[in-house]
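These notes concern the structure reproduced below.
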Amino acid sequence: LVPPGREMGAQAIRPGHVILISGGIAEHGVAVLSARAGLSFETPVVSDVAPLNGLATAVLEAAPGIACMRDPTRGGLATALADLAAASGCDMVVEEEAIPIQPAVMGACEMLGVDPLYLACEGRALVFCPEEEAEAALAAMRARPEGAGARIIGRVTGSGGRVFLRTLA
């Protein structure tokens, strides 16, 4: 539950906010695709499915300035970011090297010919908060098993409603 008097949602996202993800992406999507195709991998890929209510409560308590939280299940991380950028009217810059992707997940995506940025993340939270609250939000996430891999992946930079991926190459 959102505490009374707190405005949250895409409309609350502002330049200067940081973007956090609670753990590795595409794990659920790869687990489902591989099960449907009857594939197995040397390192098993397990779905990230998990309830997020406890994590959300802990993060909201730790970082009172959180602007938005989103579950990137449908369409994955890229679609959730694009939707939030368009709805907020803010530009976002995401660092490719900061996005947590397990090596087994990346290998499966390469083999299957799919982009992990667009695969379902069933048990992950995308969080937007002021930079000064980022460490408290990360600590609250990392204190829970479903947030152990939490990290900052980008920043809200200005107006425009676009998402930019700063790549390694």
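Observations on the structure shown:
- If you wrap the Cα atoms of region 1-53 in a convex hull and average its projected area over all directions, you get 6.0 nm².
- Unit charges on C-beta of K, R, D, E only; dipole of region 61-169, Debye: 140
- Translational diffusion of the chain, µm² s⁻¹ [Kirkwood Rh, Cα pairs; Stokes-Einstein; 25 °C; 0.890 mPa s]: 153
- Nonlocal amide H pairs with LEU165, under 5 Å, H built at 1.01 Å: VAL94
- The calculated pair-distance distribution of region 104-169 uses every alpha carbon pair, bins of 5 angstrom beginning at 0, and gives 3, 12, 17, 20, 21, 17, 8, 2, 0 percent.
- Relative contact order of region 1-152, taken over Cα pairs closer than 8 Å and 6 or more residues apart, is 45 percent.
- Accessible surface of ARG70, taken over heavy atoms with a 1.4 Å probe and every protein chain present, rounds to 90 Å².
- The calculated FRET efficiency for GLN11 paired with ALA143, based on their beta-carbon distance and R0 = 30 Å, is about 0.55.
- Region 7-93 - Rg and Dmax from Cα coordinates, angstrom: 15.5, 46
- Close amide H pairs (under 5 Å, H built 1.01 Å from N) link ASP91 with THR157, GLY158, SER159, GLY160, GLY161, ARG162, residues at least 5 positions away or on another chain.
- Share, in percent, of DSSP beta bridges within the chain that are antiparallel, nearest 5: 80
The values are calculated or read from the model by the stated rules, or taken from the named source; none is laboratory data. Keep in mind that what you see is a predicted model, and the values were worked out from it rather than measured. FYI the Cβ positions are ideal-geometry reconstructions off the backbone, even for glycines, and counts take in every protein chain you see. Accessible surface areas use protein heavy atoms only, side chains included; no ligands, DNA or RNA. Shrake-Rupley method; radii C 1.70, N 1.55, O 1.52, S 1.80 Å.
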